[in-house]
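Undergrad: This is the structure, below, for whatever I ask next.
The values are calculated or read from the model by the stated rules, or taken from the named source; none is laboratory data. What you see is a predicted model, and the numbers here were worked out from it, not measured in a lab. In this analysis, Cβ positions are derived from the backbone assuming ideal geometry, glycine residues included, and neighbour counts consider all displayed protein chains. Keep in mind that these areas ignore ligands, DNA and RNA; they rest on the heavy atoms of the full protein, side chains included. Shrake-Rupley method; radii C 1.70, N 1.55, O 1.52, S 1.80 Å.
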Amino acid sequence: MKPNHKLSYAICSILGVHGASAAFAADNAAENSDAIAEITVTAQRRVENIQDVPITIQALTGETLAQLNVATFDDFVKYLPNVSTGTIGPGQGNIYMRGLSTGVDGTQGDGSVGQFPNVAVYLDDQSTSLPGRNLDVYAADMERIEILEGPQGTLFGAGAEAGVVRYITNKPKLNVNDAKISAGYGTTAHGDPNSSIEGMINLPLIADTLAVRLVVYDDSRGGYITNVQSDFARLPTDYGLAHHNGGVVPTNSVVINNDNITGDAINPLTYKGFRASALYQINDQWNALLTQSYQLMNAQGVFYQMQTGSMGQPLPPLSVTLFNPSFDNDRFENTALTVNGQFGPVKAVYSGAYLVRNIDQTQDYTNYARGAYGYYYQCAGYSATDPSKGTCYTPSTTWRDKERNTNQSHEVRFSTPDDWRLRGLVGLFYQRQEIEDDNSWLYRTVPNCSPSLPVNCFLPTQPFPNEPVFNPSSFNDPNLGFSDDFTRIYTQKAAFTSIDLDIIPKVLTITGGTRYFSVDNQQAGGNPGSFYCKQFAPVTSFGPCPSTTEYGNTLNGREKSHGFKSRGNISWHVMPDVLLYATWSQGFRVAGFNRSSLAVDKDANGIPQYITPLGLQSDSLTNKEIGFKTEWFNHRVQWNSTYYKENWAGVPLNIFAPEDNLGNLTFNINGPTFVVKGFETQIIGRVFEGLTIQGSAAWNSSNQVNNPGVSDNNCSGGVQGGVPFPASPKCGQPLPLVTPLFTPVGSPLGESPPFEANLRARYEMTIGDYRTFYQIGGVHQAHSFGSLAVDPVVMPAWTTYDAALGLSKGSWALQLFGQNVTNVNKSVFTTSTIGGSINTYTPMRPRVLGLRFDYKFSDIK
């Protein structure tokens, strides 16, 4: 057996999970067969060796994704130290970098009031960010995925506050006949099997002029969550009944069961889509690329587990008690045009894209009946002393979110040649994003008015006059308890520049850049619902609402902002293979609105002491980092490290404090400042011929440095519901809150593990005419907190292992792989906002054992 060292070094390159651990100069590779091939990136809007970019970058090439058998963000995020996600299912969460997270409250309502994420997700040159819902691009036929850590506001604008994830697709190739097909089959522990197929074809249509590339995929992943049989009956310990009815449960209370929807593997997941692109070479200096993408993600059931069922009974692992079918259909279409060319020595790029994303999601919400207000919408005529009085109707309820996002962007860039001593880049950018969101909480089960029910009834709500209604049919649902019906329009215009100066050519370089931005942020809509429609005397019942202004709110808000965000770098090649660098950078994102501005927290005289803000200001992030990127032992070892310190100011927080008389709607305010410090290191080494070992680790420490508190802000008085109210005599004084709204100084951020690491080994050899490989790896993540809260949920540490072995010859390759081979069941996100009042735990996918076959066709005619 003769080890194939050339193959081993190539695989060493494509397995470089941290991009900084897999890049060497091409000329060195040519001179030294042991050198690892270079990876180029466009993180600074220029084509560069990743080792020359003075920021922390991770890069997953298309070969890496295939070797690791990953295709979605939830698949590969564990291989990215210092990158995490809080999610309740695929495409249902936000991405975080360097622990810059306060936690997640769930997806329902995020389209209306959720904050834009602070990590931008790009599909080629198209920004795709959406509150609470990262675009879960299926990574079929990808050239690479770049992960840029730290603020990227200068070159990538609003939304790239903490970093960027860039999906960069393979483009058509002129004069190349190429095709590939991949098929896989596998098993899921405790669940159903998985199957996938992906095909790609590249065809030249006109020699030297026109080529097309088509990619199609269909990935079906078996479910693994069991819906266990359960009843649901009201209990004296239900929060609403315990606190507002003395724990008395009306005798006439409906009891339900879930017998009709129980079963195993209730959460199958499918990805189906295609991407078609055409490259037209106009002349020697100009070309145009047109790309059309389509993807449908269908997620049935839920992707969390419960430790206890709806009646408090202990549940086995990977189990829930649901009483209504749940699903999430997430579809996007994207059309993109890119034109590349030159005006003399100056390169020019235009990129424009139009993204349409539609989401239709329904989730069971029956456990809301145990929460603070479930009894309010489901019980009538009850008595705190006589259980024979009153009725509690069915607790079976759902919430449904219908969301439509349209996003168009245009960018023009001009850049001087890369070999000039003074290099410059300038650009103009325009983006218009619109979000139409209709989120309905269908938890009111008291019947509608009828002749036989003269008092225990409720009249259906109606839209507000002149309100921009996205989905008017939702207002006619008799179970509507509350609804978000908002349209958000966000427009960004920007001009940016970046300049590099070689003080000493190929040795010492300084970089400076800035971005001027102008943002117009608008939101309009309202909250129809049954607030204040309940009558308590002479009997407790729902009756006609006094007026629309009493049970709903209208909003027509607009906020404009502008300014500069900048960065600076200094890079010093102490030796050709040793780079030292220091970076300073700023990031930002778009601010948001609350549903309305309400006067709440009235004192003994009925004077409001607090007015919830109409909106909040944009938070800001300033980053300082120093690092090195090095190669040693004739390019057989590479070691890169970064130390950073980030100041995160005006952190937006989601507040829900009805016990402090701050209303029974969540609202957002700007909160404390946090300082985040961290250290990352990556190493890859060629131990001996055929064996490559690589690993990376990140240490992260977040610390709250102030506590702004909440003060009486009713300094001018106002009008609410047509009734004027006076200014508070206690304006400026701290509110005497029962529960602190902010965590104390010294608290860590949510979803911010203090330590993450991964280590992998790969060995290749040749046996006769066959090439073989063996691979094993492990990932560890320390504990973290589910959210930034006074009493946060602690998510335990976990360690998981993957393994693979493969055989290839000529055009075909066969691979056997295992993921999470020890079948670890740990929560990657814990919350109580999804299932009502019961904690839900999102587990990593159980053990997967699979077989994958790849075949590459050549000489296609």
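Undergrad: Show me, for segment 378-385, the HN-Hα J-couplings you get by feeding each phi into the Karplus relation (A = 6.51, B = -1.76, C = 1.60, θ = phi - 60°), rounded to Hz, glycine and proline as x.
TA: Those phi angles translate into 10, 10, 9, x, 7, 9, 6, 10 Hz.
Undergrad: For residue 426 and residue 283, compute 0.36 nm times the residue count separating them, minus their Cα-Cα distance, and round to one decimal in nm.
TA: Separation in residues times 0.36 nm, less the Cα-Cα distance, equals 49.1 nm.
Undergrad: Now for a different question. Nearest 0.05, what FRET efficiency do residue 622 and residue 733 give at R0 = 41 Å with Cβ-Cβ as r?
TA: Step by step, r from the Cβ atoms, then E = 0.80.
Undergrad: Starting from the Cα of residue 565, draw a straight line to each of the lysines and keep only those under 20 Å, dropping any in the same chain fewer than 8 residues away.
TA: The qualifying lysines are 493, 624, 645.
Undergrad: Extending each Cα 7 Å along its Cβ direction at residue 197 and residue 716, get the distance between those two points in nm, one decimal.
TA: So the label points at residue 197 and residue 716 sit 6.6 nm apart.
Undergrad: Can you give the relative contact order of segment 753-850 as a percent, counting alpha carbon pairs under 8 Å and 6+ residues apart?
TA: Numbers: 211 pairs, mean separation 20.3, N = 98.
Relative contact order here is 21 percent.
Undergrad: Can I ask one more? Assuming 0.692 mPa s and 37 °C, estimate D for segment 746-854 with Stokes-Einstein, Rh taken as the Kirkwood radius over Cα pairs, in µm²/s.
TA: Once the numbers are plugged in, D ends up at 198 µm²/s.
Undergrad: How much of residue 339 can a 1.4 Å solvent probe reach, expressed as accessible area in Å² and rounded to 10?
TA: The value for residue 339 is about 40 Å².
Undergrad: Moving on to the next point. What FRET efficiency, computed as 1/(1 + (r/R0)^6) with R0 = 45 Å and r the Cβ-Cβ distance, is obtained for residue 851 and residue 340, rounded to the nearest 0.05?
TA: Once the sixth-power term is evaluated, E becomes 0.65.
Undergrad: List the relative contact order of segment 136-197 as a percent without decimals, with contacts defined as Cα pairs under 8 Å and 6+ residues apart.
TA: 26 percent
Undergrad: Moving to a separate point now. List the relative contact order of the chain as a percent without decimals, with contacts defined as Cα pairs under 8 Å and 6+ residues apart.
TA: Taking the mean separation of contacting Cα pairs over the length of the chain, I get 12 percent.
Undergrad: Taking H as built 1.01 Å from N, whose amide H comes closer than 5 Å to the amide H of residue 101, not counting residues under 5 places away?
TA: Amide H neighbours of residue 101: 750.
Undergrad: Setting aside same-chain residues fewer than 8 positions from residue 389, which aspartates and glutamates have a Cα under 16 Å from its Cα?
TA: Leaving aside aspartates and glutamates fewer than 8 places away in the same chain, none come within reach of residue 389.
Undergrad: Under a 1.4 Å probe, what is the accessible area of the chain per residue, stated in Å²?
TA: Values: 32620 Å² over 861 residues.
Using a 1.4 Å probe on heavy atoms only, each residue of the chain averages 38 Å².
Undergrad: Given labels modelled 7 Å from the Cα in the Cβ direction, how far is it in nm from residue 770 to residue 803?
TA: That separation, rounded to one decimal, is 1.8 nm.
Undergrad: Which FRET efficiency, nearest 0.05, do residue 181 and residue 252 yield, Cβ-Cβ r, R0 60 Å?
TA: 0.45
Undergrad: Same structure again: Mind ranking 803-810, 151-158 by how tightly packed they are, going by the mean number of other C-beta atoms within 10 angstrom, highest first?
TA: Ranking the peptides 803-810, 151-158 by packing returns 151-158, 803-810.
Undergrad: At what distance in nm do the modelled label points of residue 348 and residue 493 sit from each other, each positioned 7 Å from its Cα along Cα→Cβ?
TA: Going from the residue 348 label point to the residue 493 one covers 2.1 nm.
Undergrad: Can you work out ³J(HN,Hα) from phi for every residue in segment 777-792, in order, using Karplus 6.51 cos²θ - 1.76 cosθ + 1.60 and θ = phi - 60°, giving whole Hz and x for Gly and Pro?
TA: x, x, 10, 10, 9, 6, 4, 8, 9, x, 6, 7, 9, 4, 10, x
Undergrad: Applying the Karplus parametrisation 6.51 cos²θ - 1.76 cosθ + 1.60 with θ = phi - 60° to the phi angles of segment 568-579, what ³J(HN,Hα) value in whole Hz is obtained for each residue in order, glycine and proline being reported as x?
TA: x, 9, 9, 10, 10, 7, 4, 9, x, 10, 10, 10
Undergrad: Leaving ligands, DNA and RNA out of it, report the carbon-plus-sulfur percent of the accessible area of the chain at a 1.4 Å probe.
TA: Details: 19130 of 32620 Å².
That fraction is 59 percent.
Undergrad: Which of the aspartates and glutamates could be linked to residue 602 by a straight reach, that is with a Cα gap under 15 Å, when you skip same-chain ones fewer than 8 residues away?
TA: Once the sequence-local aspartates and glutamates are set aside, what remains near residue 602 is 659, 660, 712.
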